[in-house]
1. Those residues that are more than 18 Å from the chain's Cα centre (by Cα), within 20 Å of L164 (Cα to Cα) and either free of Cβ contacts under 8 Å to residues at least 24 places away in the same chain or part of a loop (DSSP other than H, G, I, E, B) (or both), I need them from region 80-119; list them, please.
2. Taking region 105-144, which residues are under 21 Å from K38 (Cβ atoms), among the hydrophobic types (A, V, I, L, M, F, W, C) and within 12 Å of ligand 2 (Cβ to nearest atom)?
3. Looking at region 148-172, which of the residues that are of a type in the set (S, T, N, Q) and away from ligand 1 (no atom under 16 Å from the Cβ) is farthest from N186 (Cα to Cα)?
4. Give the residue that is farthest from S328 (Cα to Cα), with candidates limited to residues of region 259-312 that are touching a Ser or Thr at 6+ places or on another chain (Cβ under 6 Å) and among the small types (G, A, S).
5. Quick one: in region 30-56, of everything that is within 22 Å of the chain's Cα centre (by Cα) and closer than 10 Å to G145 by Cα, which residue is surrounded by the fewest Cβ atoms within 10 Å (Cβ to Cβ)?
6. Any chance you could count how many residues in region 2-56 are touching an Asp or Glu at 6+ places or on another chain (Cβ under 7 Å), farther than 23 Å from D137 by Cβ, at pLDDT below 55 and not hydrophobic (A, V, I, L, M, F, W, C)?
7. Got a sec? Which of Q251, Q245 is assigned to a helix (DSSP H, G or I), under 30 Å from G363 (Cα atoms) and touching a residue at least 60 places away in the same chain (Cβ under 8 Å)?
Amino acid sequence: MRRLLALLALTTLPVHAQGSTDPLAREIEQRLEQVMPKVIAWRRDIHQHPELSFEEKRTSALVEKHLRALGLEVQAPVGKTGVVGILRGGRPGPVVALRADMDALPVTELVDLPFKSTVRTMYNGMEVGVMHACGHDNHVAILMGVAEILTAMKPRIPGTIKFLFQPAEEGLGGAKAMVADGALMNPKASAIFGLHVMPGPLGSLNARPGGFLAAADGLEIIVKGRQTHGSSPWLGVDPIVVSSQIVLGLQTIASRQINVAAAPAVITVGMIQGGNRGNIIPDSVVMIGTIRTFDPAMRTLIHERVKRTAEDIARAGGATAVVNLQTSGLITVNDNTLFDKMTPTLRRTAGEGGFNVVGPVMGSEDFPEFTREIPGLFYALGSSPKGSDPAKQPANHSPLFFVDEGALPVGVRSLANLAVDYLRTAGAVQ
Ligand SMILES: [Zn+2]
Ligand SMILES: [Zn+2]
């Protein structure tokens, strides 16, 4: 509750933004103050009613209703449960897209908030809670606010703005589905912007040119041994011991077989399943994990080494290993020209934490499905409570993940200004 009270002062605006001499930036700033209470209310409502990937029916209905009430052209469904709003400005100009993802995660919320999620569901055969543990509730509310501000400025907007509300970012291919459904076409956008809440100084904007977020590839290894009694392992082949060796062997790929000075890489085994009793050696073990990389050649090399390591260690123990890689992940790359062009906007619209060029982040996104088609810029919005150490804050996907709502006005301000500034200066970027 104490946290909540601190958040109510969120519409306090920095002097530099209020004092801008640019009429469009000034208008965004004035309208921001009026729209923020709604953004907070939407965010809390969506937070309390989280929906898993491709099940965002309530959320997309809320979005659609809002966009229609604003009088925008609306396309829905786009990419199964996605929604697109189109704002055609009163002045000629290019087309820009803004993207917010909408899905939640099978995580049971442990944050004590008045609008805490109590939603439960069945996931992978187990009953779990559903929580906006990645903060996408904030992204939806921010973009709804941006749509409201820019629609009110319609006669003065030099071009077209597409608002993309995307489903299923968390691994199920929502961005790909939207692109396949033509979300970037008719009219064709020439650039796209997106943001993500993350632990960081409150209201800071953080990004880097080039590779920003890692490619995430799924990893599954099935180790097949031979079942036997736990008291006589020599009569079978123990897949648990073999799997243990494989887990350790995989760790030597990142630490001993790649040039860590060239680009970072992570291999994680996040789940091991095998056996159901202490004195029975099971027949097989299944492991699943994730591979994070920044360099395409290194990514291919790691895939080969993972396969070789698992198969050869299994063979040494008399077992077999089948390695399945799900290699649909893409590196989130910020277009260098667009990054340089928009840096002044990010610098001007950042909150107290400022704009920071940061190192690569091992987290992953499906935003690059859009930037395969057109240049894009993705940035992180620092959302840790004031006075806290962001490094000690629970990360995205934690049941304790917490977003300080003081970050939201910075999210709205930055996205709205990026859209307007891009439309005004697009010529040099395309
Ligand atoms: Zn996530
Ligand atoms: Zn996310």
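The values are calculated or read from the model by the stated rules, or taken from the named source; none is laboratory data. Worth saying up front: this structure is predicted, and the values here are computed from it rather than measured. Here Cβ is always computed from backbone atoms with ideal geometry, including for glycine, and neighbour counts include all displayed protein chains.
1. Across region 80-119, the qualifying residues are K80, G89.
2. V140
3. Across region 148-172, the extreme among qualifying residues is T151.
4. If we take residues in region 259-312 being touching a Ser or Thr at 6+ places or on another chain (Cβ under 6 Å) and among the small types (G, A, S), then A265 is farthest from S328 (Cα to Cα).
5. So, considering only residues that are within 22 Å of the chain's Cα centre (by Cα) and closer than 10 Å to G145 by Cα, the one surrounded by the fewest Cβ atoms within 10 Å (Cβ to Cβ) is I40.
6. The number of residues fulfilling the criteria is 1.
7. So the residue among Q251, Q245 that is assigned to a helix (DSSP H, G or I), under 30 Å from G363 (Cα atoms) and touching a residue at least 60 places away in the same chain (Cβ under 8 Å) is Q245.
Results for (1) closer than 30 Å to V111 by Cβ; (2) in contact (Cβ under 8 Å) with a residue 60 or more places away in the chain; (3) more than 16 Å from ligand 1 (Cβ to nearest atom); (4) among the β-branched types (V, I, T), shown as yes or no for each residue.
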{"site": "N334", "(1), (2), (3), (4)": "no, yes, yes, no"}
{"site": "M342", "(1), (2), (3), (4)": "no, yes, yes, no"}
{"site": "R348", "(1), (2), (3), (4)": "no, yes, yes, no"}
{"site": "I374", "(1), (2), (3), (4)": "no, yes, yes, yes"}
{"site": "F378", "(1), (2), (3), (4)": "yes, yes, no, no"}
{"site": "P385", "(1), (2), (3), (4)": "yes, yes, yes, no"}
{"site": "V403", "(1), (2), (3), (4)": "yes, yes, no, yes"}
{"site": "A407", "(1), (2), (3), (4)": "yes, yes, yes, no"}
{"site": "L418", "(1), (2), (3), (4)": "yes, yes, yes, no"}
